[in-house]
Structures are given as C-alpha cells and as structure tokens.
Amino acid sequence: RRKTHPIHRHKLELKSYKKPYNCDGCKELGFGARYRCDKCNFDLHQDCMLAAPIAHHDFFKNSTFKIFHQPQDFQRYCYACGKPVRGFHYHCEKEGWDLHPCCRNLPNNLPIENIKFKLRNKVSSKCIWCKKKNLEGTVSGIRGWSYVSECKEYHFHVHCAMDMVIDGWRNGAFNNQDGNSLAALENLELPVLRQHLSGNRRSSSKFTKVVKIVFKTIVGILLGDPTVVLTGLLVDVVAN
Ligand SMILES: [Zn+2]
Ligand SMILES: [Zn+2]
Ligand SMILES: [Zn+2]
Ligand SMILES: [Zn+2]
C-alpha cells in the first residue's frame with residue numbers, strides 16, 4: 001500500500017476518504033481513494049500514481065503516448081475532456097495529442113442502471129447537458145469524448161459531466177459537516193435540471209431521472225475512484 005513516486009520524496013500510502021482533494025500530479029479534482037503523504041498534505045490520483053511510462057489508446061491507433069510530469073511549454077488541452085493540461089499528462093509527440101491520466105483510463109463501457117453507455121470520440125446526437133454535438137468554448141479541433149447510450153437517445157460529453165461534478169463540488173455537495181460528505185449530493189440542484197424542469201413535465205421527470213443516474217455513476221470515475229457510489233442519489237431516484 002506504500003509506494004514511492006519520483007516527484008515526491010516520501011512514500012505515499014493508498015488511503016480512502018470521502019473528501020475531495022486536488023491531485024498534486026494532474027492538478028485536477030479527486031475524490032475517494034488516493035495515494036497520500038500526510039506529512040506534506042500531498043495527494044495523487046491512483047491513475048496518476050500508477051500511470052505507465054508508455055501508453056496507447058484505442059481512439060488513437062498506431063500512436064504512442066508518453067507520461068510527462070510537467071506541463072508542456074505552451075498550453076495544451078486534453079483530447080478527452082477538453083480541459084487544459086496543468087500537470088501530469090500523456091503526450092503523443094508525433095501527433096501532439098494530450099490526455100489526462102484519469103481521462104486515458106475512462107472505461108469504454110459504462111453501464112448506468114439498465115442503460116449501456118459507450119465511450120465515443122465521434123457523436124451524431126446532441127449532448128443532454130450542453131445541447132451541442134461537439135464541444136464549444138474549447139480549443140478548435142477538440143471535439144471531446146462522449147458517452148453514448150446504446151439506444152443513441154442519450155449522450156453526454158465527458159467535459160460536461162466534469163463541469164457538473166465541479167459545479168456540485170463548488171456548491172458544497174462534497175463537504176457538509178456531519179461527516180457524510182456525500183449526503184448533500186442528494187439535494188444538489190444541478191443547474192441543468194432547473195433549465196429542463198421549466199419545460200414539458202413528463203419528459204422532464206424522465207430527463208431528471210437519467211441525469212441523476214448518470215451523475216451518480218460517473219462522479220467516481222471522473223474523480224479517479226470508480227468504487228465511489230452515491231447512494232443518496234439512488235434513494236432519491238427510486239423514491240420518485
Ligand atoms: Zn491526478
Ligand atoms: Zn511528503
Ligand atoms: Zn482530460
Ligand atoms: Zn456537452
């Protein structure tokens with residue numbers, strides 16, 4: 001459980017807290033299990049700690065990615081989530097592609113309740129959150145990856161799911177006082193839901209249900225600990 005990493009002089013121990021942290025490797029948000037040095041308050045995602053020096057990805061056939069521990073000289077963006085690369089990242093020197101370690105490890109298949117979602121780098125439908133096909137407001141040429149349901153009815157950008165998680169985090173979803181930091185998520189008002197609830201009531205309730213289930217399932221995966229399950233939301237969904 002205790003391992004060394006070249007960027008830190010103390011051993012890091014695998015610990016699990018239901019508290020968010022900022023990963024000192026990729027500088028992105030994390031939650032749940034992480035490699036930690038208590039003395040220095042230093043945390044690494046498991047994906048960052050255990051990142052292989054050389055990696056490949058199905059979406060980039062014949063490309064080789066190398067792990068870098070520092071950002072490149074000029075601003076680079078992750079091909080999966082479209083967010084800036086600020087620390088640890090995989091870089092393909094030949095094509096200039098970049099991926100966060102957590103994004104490289106996104107599962108190809110994501111079963112969400114009884115709906116199967118697949119990771120795609122091309123989509124034909126609009127994202128349930130931003131209502132756009134491709135990512136907007138990021139660097140040109142980065143479409144961003146999406147999870148698409150088998151029925152093709154639902155699709156969401158990894159980017160938009162990440163924004164939703166960060167939004168929840170800023171709204172205190174992960175840090176309430178009574179020790180159960182996940183409880184507040186149950187009552188989290190997702191901005192996207194407010195928007196949709198003003199529309200047709202019947203389709204809204206189905207939409208709300210899907211969004212909440214997606215959110216509950218994806219949060220742990222995006223934050224580097226797939227074992228995190230938001231039971232509060234599940235209860236909420238079943239009760240409705
Ligand atoms: Zn990280
Ligand atoms: Zn230390
Ligand atoms: Zn990313
Ligand atoms: Zn989107």
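Where a number appears in this text, it was derived from the coordinates with a stated rule and is not lab data. None of the values given here were measured: they were computed from a predicted structure. Note that each Cβ is placed from the backbone with ideal geometry, even for glycine, and that neighbours are counted across all protein chains shown.
In order along the stretch 65-73, phi translates into HN-Hα couplings of 9, 10, 7, 10, 9, 10, x, 6, 4 Hz, rounded to whole numbers, per the Karplus curve 6.51 cos²θ - 1.76 cosθ + 1.60 with θ = phi - 60° and x for Gly and Pro.
Rg then Dmax, both in Å and based on the Cα atoms of the stretch 2-46: 9.4, 27. May I ask which of Lys18/Lys133; Lys27/Lys94; Lys27/Lys126 have a Cα-Cα span longer than 32 Å here? Result: Lys18/Lys133 exceed 32 Å.
Each residue of the stretch 107-119 was assigned a 3J(HN,Hα) from its phi angle through the Karplus expression (A = 6.51, B = -1.76, C = 1.60, θ = phi - 60°), giving x, 5, 10, 10, x, 10, 6, 9, 10, 8, 10, 10, 6 Hz with x at Gly and Pro.
Ranked highest first by average number of other Cβ atoms within 10 Å, how do 70-82, 3-15, 95-107 line up?
Working: 70-82: 17.7, 3-15: 13.8, 95-107: 21.2.
Answer by packing, highest mean first, reads 95-107, 70-82, 3-15.
Close amide-amide hydrogen proximity is noted between Cys78 and Lys83, Val85, each under 5 Å apart and 5 or more residues distant or on a separate chain (H modeled in the peptide plane; Pro and chain starts excluded). When only alpha carbons are used to place a centre, the stretch 82-123 and the stretch 40-62 end up 11 Å from one another.
Taking amide hydrogens as placed 1.01 Å from N in the peptide plane, the amide H of Asn105 sits under 5 Å from that of no residue at least 5 positions away in sequence or on another chain. Summarising the amide proton neighbourhood of Asp24: residues at separation of 5 or more, or on other chains, whose placed amide H is nearer than 5 Å comprise Asp43, Leu44, His45. Shown in residue order for the stretch 17-31 are the 3J(HN,Hα) couplings computed by the Karplus curve 6.51 cos²θ - 1.76 cosθ + 1.60 at θ = phi - 60°: 10, 7, 9, x, 8, 9, 5, 7, x, 7, 6, 9, 5, x, 8 Hz (x for Gly and Pro).
Straight-distance candidates among the lysines for linking to Lys131, with alpha-carbon spacing under 19 Å and chain neighbours fewer than 8 residues away dropped: Lys83, Lys118, Lys122, Lys152, Lys206, Lys209, Lys212.
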